[in-house]
1. The range A:1-96: which chymotrypsin sites (Phe, Trp or Tyr not before Pro) are DSSP loop and have at most 16 other beta-carbon atoms within 10 angstrom?
2. In percent, what relative contact order does chain A have, based on Cα pairs under 8 Å that are 6 or more apart in sequence?
3. Between rounded, prolate and oblate, where does the range B:1-93 land on the alpha carbon gyration tensor, with a ≥ b ≥ c its root eigenvalues, rounded for a/c under 1.5, else prolate if a/b exceeds b/c?
4. With no solvent and one equal point scatterer placed on each C-alpha of the protein assembly as shown, evaluate the Debye formula and give log10 I(q)/I(0) for q = 0.08, 0.09, 0.12 Å⁻¹, two decimals.
5. Across peptide A:40-47, how many C-beta atoms of other chains are within 10 Å of each residue C-beta, on average?
6. Which percent of the accessible heavy-atom area of the protein assembly as shown goes to carbon and sulfur, probe 1.4 angstrom?
7. Provide the buried accessible surface between chains B and A in square angstrom, both chains summed, 1.4 Å probe, rounded to the nearest 100.
8. Could you tell me the largest-minus-smallest coordinate of the C-alpha atoms of the range A:47-110 on each of the three principal axes, in descending order and whole angstroms?
Amino acid sequence: MAKREYLGEFEFVVILALLHLGQDAYGVEISREIERRCGRGVSLGSLYGTLERLESHRLVSSALGEATPERGGRAKRYFQVTANGLDKIRESQRALCNMWDGLKQLEVMR
Amino acid sequence: MSALKPPALATWLLGLMDSDAWQDAVAGDLFEDYQQRRSSTWYWCQVLMVVAISVGKDLRHHSVLALRALAVAVLSLCLAHSLVSELGVVRRVMHMASPLLGWWPSVVIVAALEPFLICGPAGLAVALTHRKRGATMVLLYVAALFAILACLCANRAHWTPGCVVFWESAVFALAGALFGGFLGCAWEGFSRTRAI
């Protein structure tokens, strides 16, 4: 089976949320950011599944943060978009814009 | 203000899945979000989702281990079945219980005890032979057992006493598998903590 080269819709949303959050991107904040901007609830299980997949494709990197009492003494895992990830998101943006261009029915929405 | 504790059983189930730092971060995120949402149902749903995704991932990446777990389960079931029949534990219980309780209640007890004693050790064996992936393999074993029992029960969907006893046996078989499996996982977790 050919390796998948494109980003899925949720992967796209997660990478954009990471870019919006910058240094403060960890599980809870990412899910809240997606909820705030897209108006859709995200389960932490599917979010971490996606982040793990993105990290295995080297589009995202992660580092352990500090453990705090409000997290039951567990550490945060902070995520960042890598240079590869930025290239991939730009590529996806170009592809989507090309698809979007010239669609009169969608001009009002833009 | 002290932190609100999320449902302990769900947290324990989450802890069984994997011991790496990812799982620790997920548990921390769930704990943090739970302080705001304060809904046990939400917490349980999130934990079950994490468990389902983690099991799916493990099965995709460790398909050989999954086959081995099913083989261990089948062998253990055969062994436990022979031992239970050979030692006559159930026959003895029935013999002791029938003068005290009557024939019908003793049949009900035996129908619960026998599958529990057969499926429980198999779950324990699966958990103990798969250490870090124990919980995933136990859930796979329980799911396979459930599928087989559901097929058998579907053919006996009548309200006759024989069918009711059969359903009871199926429920106790699943309960035994879960009990044995999670006992093994808890034991593995305990020995890992002690080793650290």
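1. A:Tyr6
2. Relative contact order, chain A: 26 percent.
3. oblate
4. Treating every Cα as an identical point scatterer, log10 I(q)/I(0) equals -0.51, -0.62, -0.93.
5. 5
6. Its accessible area is 65 percent carbon and sulfur atoms.
7. Answer for the B-A pair: about 1900 Å² buried.
8. Its Cα atoms span 54, 25, 17 Å along the three principal axes.
The values are calculated or read from the model by the stated rules, or taken from the named source; none is laboratory data. These figures come from a predicted structure and were not determined experimentally. Note that we place each Cβ from the backbone using ideal geometry, even for glycine, and neighbour counts take in every protein chain shown. With ligands, DNA and RNA removed, areas are computed over all heavy atoms of the protein, side chains included. Shrake-Rupley method; radii C 1.70, N 1.55, O 1.52, S 1.80 Å.
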